[in-house]
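Presented below is the structure to which this report refers.
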Amino acid sequence: MPFTLPPRTPSGPRRRSLLASAAGAVALAGCSAPDSATDTTGGSPSAGDRARARAAGDSETLAARYAAVIAAHPSLAERLRPLRAEVVRHAEAFDAGRRTSASASASASGIAAVSGSPSASASASVPATEKDALADLATAERTLADRRAKALLEVPGELARLLASVAAAGAAHAFLLTEDGK
């Protein structure tokens, strides 16, 4: 009886399944905001609190930039509103993790201010053309995503997962902003 080899199939997962798994992991991670005071997987709580506050502020600033572009270029509103809504949710997720009972009302009012109209200084810095405004937003998203990805090693576990998820969303936003024809 002759010995036959089984058909050659690649071992391990395929590239598509890896990409789908990575996308699914980011979607499942979502924007949860666990209590940072109970996270002791690394870093000091004060370092985590500072990172959370910085991330919340960065998201609030980015949301204001989106609002300023929408105000200056109303024809981009339909395209930018969903992205801005995500950025506002990111700010809320970071802010919720650092809230204490004493600062809850102040933090909530800060988020409410983000969802309002842009400040005069933010609208003054909007590029004159729609193309330039989109490129400016894409650069801001990319820069912030890169900064958050670098910060992952310096923060506790749950905050690192939140930063990773939001950084991935920011990279996707940058791609969507530079995509032509949409």
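The values are calculated or read from the model by the stated rules, or taken from the named source; none is laboratory data. No experiment lies behind these values; they were computed from the predicted model shown. Here the Cβ positions follow ideal geometry from the backbone for every residue, glycine too, while neighbour counts run over all protein chains shown. All accessible areas refer to the heavy atoms of the entire protein, side chains included, with ligands and DNA or RNA removed. Shrake-Rupley method; radii C 1.70, N 1.55, O 1.52, S 1.80 Å.
For this structure, a couple of remarks:
- Test for S119: is it exposed (fewer than 14 other Cβ atoms within 10 Å of the Cβ), out of contact with any helix residue (DSSP H, G or I) (no Cβ under 9 Å at 6 or more places or on another chain) and at pLDDT below 90: no
- Selected residue (criterion: most open to solvent (accessible area, probe 1.4 Å)) from residues of the range 173-182 that are in a helix (DSSP H, G or I) and not hydroxyl-bearing (S, T, Y): F175
- The range 43-69, residues that are open to solvent by less than 40 Å² (accessible area, probe 1.4 Å) and free of Cβ contacts under 8 Å to residues at least 40 places away in the same chain: G57
- Residues that are modelled with pLDDT under 95 and either closer than 18 Å to A53 by Cα or surrounded by 17 or more Cβ atoms within 10 Å (Cβ to Cβ) (or both), drawn from the range 127-146: none
- Any hit, the range 155-165, residues being within 12 Å of the chain's Cα centre (by Cα), surrounded by fewer than 15 Cβ atoms within 10 Å (Cβ to Cβ) and either under 23 Å from R81 (Cα atoms) or among the charged types (D, E, K, R) (or both): no
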